[in-house]
Amino acid sequence: MDLWKLLLTLAVAGSSDALSGSDDTPAILGRASQSLQRVNPDLETNSSGKPKFTKCRSPELETFSCHWTDGVHHSLKSPGFVQLFYNRRSTQEWTQEWKECPDYVSAGENSCYFNSSYTSIWIPYCIKLTSNGGTVDQKCFSVEEIVQPDPPIGLNWTLLNISLTGIHADIQVRWEPPPNADVQKGWIVLEYELQYKEINETQWRMMDPVLSTSVPVYSLRLDKEYEVRVRSRQRNSEKYGEFSEVLYVTLPQMSPLACEEDFQFPWVLIIVFGIFGLTVILFLFIFSKQQRKES
């Protein structure tokens, strides 16, 4: 009987511990959320509910647009609540007047578009977002600092040659500059980066940047298929634009004879070096035997 009382007492104590543990769960989740915010500062920024600039970009050094995040509060959803104002420096002086965004439509939602009439290079701009008359975000830049060109177009390739072994091939990849970039008159100078990989690979191989719109790619295996893509940036800039559409390269199949040669090539070297070694050993043996006879 005492044993049953003991078991009943333990069961009641265990259930009370579980109930008290459930009261601590919200506190534990709260501490975890705070830790997550410390690890990821974006969560803390987003929780403020204020609009914030995400990027400003000029595709061709003649126009630019700026984008921002929308607020999370319902009060920020009303049309016209968020406004963008800009100021730019003329000669050595900043203008006193802040002017409102000239075009809220052309670059999409939550954006401001500046056409060529409002764009000047080598002149600093300052922009700010306002909400209920108060500034919620602000940044300054020059147009040449935010150039990120559109993707190159019209990628194609031609076969240059096939190796004597019939195992590898060299190709030439060509493309056209972004249509809106005035590279012919030299208004903007672009350099290009080509990347390629086998279709079943995950890591892209990068080639050195070039100023031309074509580049050779060497030593591609004939029994593989490749993907090629190109992106561009303003010369002496670090910011690349988006990649072009992927170009698929399918090379001729490797001939059975080439596969056999590829497999037997090391054995030919071994045989040649083996014969040479045996010849040297035989020569030394005959030479030493002749020396003993003379002595």
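The values are calculated or read from the model by the stated rules, or taken from the named source; none is laboratory data. The structure presented is a predicted model; accordingly, all values stated were derived computationally and were not measured. We place every Cβ from the backbone using ideal geometry, glycine too, and count neighbours over all the protein chains shown. Quick note on the areas: whole protein, heavy atoms, side chains included, nothing else; ligands and nucleic acids left out. Shrake-Rupley method; radii C 1.70, N 1.55, O 1.52, S 1.80 Å.
What the range 153-250 shows is 58 Å² of accessible area per residue, with the surface traced by a 1.4 Å probe over protein heavy atoms.
For the range 127-132, putting each phi into the Karplus relation 6.51 cos²θ - 1.76 cosθ + 1.60 with θ = phi - 60° gives couplings of 10, 8, 9, 10, 9, 6 Hz, in residue order, rounded to whole numbers and with x for Gly and Pro.
Of the residues 130, 113, 190, the one whose Cα sits farthest towards the positive end of the charge dipole of the range 112-197 is 130 (charges of +1 on Lys and Arg Cβ, -1 on Asp and Glu Cβ, taken about the Cα centre). Scanning residues 5 or more positions from residue 137 or on other chains, those with amide H under 5 Å from its amide H are 129, with H placed 1.01 Å from N in the peptide plane. Would you mind classifying the range 153-250 by shape? Square roots of the alpha carbon gyration tensor eigenvalues, ordered a ≥ b ≥ c; an a/c under 1.5 is rounded, otherwise it is prolate if a/b is larger than b/c and oblate if not. Because a/c hits 1.5 or more and a/b exceeds b/c, the range 153-250 counts as prolate.
For the range 153-250, which whole percent of the accessible surface, found with a 1.4 angstrom probe, sits on carbon and sulfur atoms?
After summing per-atom areas, the C and S share lands at 48 percent.
Highest-first packing order for the peptide set 269-281, 57-69 is 57-69, 269-281, based on the mean count of other beta carbon atoms within 10 Å.
Relative contact order for the range 153-250: 28 percent, from Cα pairs under 8 Å spaced at least 6 residues apart, divided by residue count. Under a 5 Å amide H cut-off, with hydrogens placed 1.01 Å from N, residue 148 pairs with 58 among residues at least 5 apart or on other chains. Annotation: amide H of residue 120 has no partner in the under-5 Å range at sequence separation 5 or more or interchain, hydrogens built in the peptide plane. Along the range 173-178 the Karplus relation, 6.51 cos²θ - 1.76 cosθ + 1.60 evaluated at θ = phi - 60°, assigns HN-Hα couplings of 9, 10, 7, 10, x, x Hz to successive residues, with x for each Gly and Pro.
What dipole magnitude, in Debye to the nearest 20, does the range 153-250 give about its Cα centre under +1 on Lys/Arg Cβ and -1 on Asp/Glu Cβ?
180 debye
For the range 222-231, the Karplus equation 6.51 cos²θ - 1.76 cosθ + 1.60, evaluated at θ = phi - 60°, returns couplings of 5, 9, 10, 10, 10, 10, 10, 9, 9, 9 Hz by residue, with Gly and Pro reported as x.
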